[in-house]
Each structure stands twice: as structure tokens, then as C-alpha cells.
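Report on the structure given below.
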Amino acid sequence: MMSETFFDMPIQSKYSNAEVETLITELLNVLEKHQAPTDLSLMALGNTVSYLLTTKVNKESRGALAEQFAKALTQSLR
């Protein structure tokens, strides 16, 4: 099971902690329901991020937003 806190990545957001935690919990529950191994989970989540960037972010901003996301992810692992 996952740790009690989901805030390993730095979050500066207009959304409340409760909103973020609820969404994370639901996403993790889906992965657990399907008994997805770590590599499959990461693949699915990565493809989801790519999909969101491609369909919800204008072309001019995608690269910068992807870099910010990657940097936050990398920093959360230190």
C-alpha cells in the first residue's frame, strides 16, 4: 500500500490538498484494481500525461510544461 502522504512532488496549486489527495487515491485504486505492475503503471500514467499535454495544453506551452513536470518529478525523488 502507498504511504499516507502523496505530496512527494512539490505542489503549488489553486486546488486544495483534499482535492489532490482524492484524485491521487482514485488513480491508485484503479491501478491496484487491475493489479498493474510498476512498469505498466508508469507506462499508463506517462501516456496519460502525454495525452493531457497534447490535448489540453497549447502547442507553444507543451515543452515548457513537460520540462517543469519532469523537473518536479526528479526533485521529488531526491
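Quick notes
- Restricting region 9-41 to residues that are outside any loop (DSSP other than H, G, I, E, B) and of a type in the set (S, T, Y), the residue that is surrounded by the fewest Cβ atoms within 10 Å (Cβ to Cβ) is T38.
- Yes/no for T5 being at pLDDT 95 or above, under 19 Å from A72 (Cα atoms) and among the β-branched types (V, I, T): no
- Residue match in region 55-74 (condition: part of a loop (DSSP other than H, G, I, E, B), modelled with pLDDT under 95 and within 14 Å of the chain's Cα centre (by Cα)): no
The values are calculated or read from the model by the stated rules, or taken from the named source; none is laboratory data. Remember, predicted model here, so these are calculated numbers, not experimental data. As a convention, Cβ positions derive from the backbone with ideal geometry for all residues, glycine included, and neighbour counts pool all protein chains shown.
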